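Colleague: Have a look at this one.
The values are calculated or read from the model by the stated rules, or taken from the named source; none is laboratory data. Note that the structure is a prediction, hence the values are computed from the model and not measured. Cβ: placed from backbone, ideal geometry, glycine included. Neighbour counts: every protein chain shown.
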Amino acid sequence: MDTKILLIEDDQSLTELIRYNLTQAGFSVHCESDGEEGLLASEEFLPDLILLDWMLPNLSGIEICRRIRRTKATRNVPIIMLTARAEESDRIRGLDTGADDYVTKPFSPRELIARINAILRRIRPALSGETLTYDDIILDATSHKVTRAGTPVHLGPTEFKILRYLMENPGRVFSREQLLDSIWGTNIYVESRTVDVHIRRLRKALNIGDTPDIIRTVRSAGYALDKS
């Protein structure tokens, strides 16, 4: 699965520079140049990470960051702020608002990619070949093995991808359409009820013995990995 990055930046030349380098590094990049459009895209595109300019038309980066942190679907998405503001007070304000990192312009694409990878390794261990753990479930992304309460869980390739994606975003509710885009990709047509079929298979495989159902169905919204 490609790592999805949302870039909200109104400098067109910088946008193209960042887009090119991130694409070359293997990321999937969606770009917006307007603050309000960027905020909408954060909920529709559901990125793995957001690159956010401070000074934007219609809505500032600081306000976007504040609203992203108040929205359930995006509150845990990491944010790197991009800005020409180099004062310590500005850096503190950005971090206090909810940014995970703060990169001062001008910066090199290599530095930006290194910072992105550092954050992704921290919040999504599977990206660095490590294991994911949630409650009593352990997923080894390298060997493609899953256990629950010490018992091996046998999953098909699609069920494995869904579980991995949910474990990388625990507690976050994904609609069928969002899961389709993330697991199957946007260029492949798959009916939304196909997601239900694979979720049922995943549930059946995970529900070993008396273990509780750890996949929560949210009526009219979608699915989440949630032990509560």
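Colleague: Would you confirm whether or not segment 153-161 contains a residue that is under 13 Å from Gly222 (Cβ atoms) and not β-branched (Val, Ile, Thr)? Break it down stepwise before answering.
Modeller: Of all residues in segment 153-161, those under 13 Å from Gly222 (Cβ atoms) come to none.
Scanning segment 153-161, I find no residue that is under 13 Å from Gly222 (Cβ atoms) and not β-branched (Val, Ile, Thr), so the answer is no.
Colleague: Still on this structure, please answer the following. Residue pairs, Cβ under 6 Å, 6 or more apart or interchain, first in segment 16-33 and in the same structural domain as Phe107 (by TED's automatic domain parsing), second part of a loop (DSSP other than H, G, I, E, B). List them.
Modeller: Phe27/Thr3; Ser28/Asp2; His30/Phe45; Ser33/Asp10
Colleague: Does Ile80 satisfy the condition of being assigned to a helix (DSSP H, G or I), of a type in the set (Val, Ile, Thr) and in contact (Cβ under 8 Å) with a residue 12 or more places away in the chain?
Modeller: no
Colleague: Can you tell me which of Ile113, Ile64, Ile68, Ile123 is touching a Leu at 6+ places or on another chain (Cβ under 8 Å), closer than 30 Å to Lys227 by Cβ and either β-branched (Val, Ile, Thr) or at pLDDT below 85 (or both)?
Modeller: Numbers: Ile113 fails: closer than 30 Å to Lys227 by Cβ; Ile64 fails: closer than 30 Å to Lys227 by Cβ; Ile123 fails: touching a Leu at 6+ places or on another chain (Cβ under 8 Å).
Ile68 is the lone residue from the list that is touching a Leu at 6+ places or on another chain (Cβ under 8 Å), closer than 30 Å to Lys227 by Cβ and either β-branched (Val, Ile, Thr) or at pLDDT below 85 (or both).
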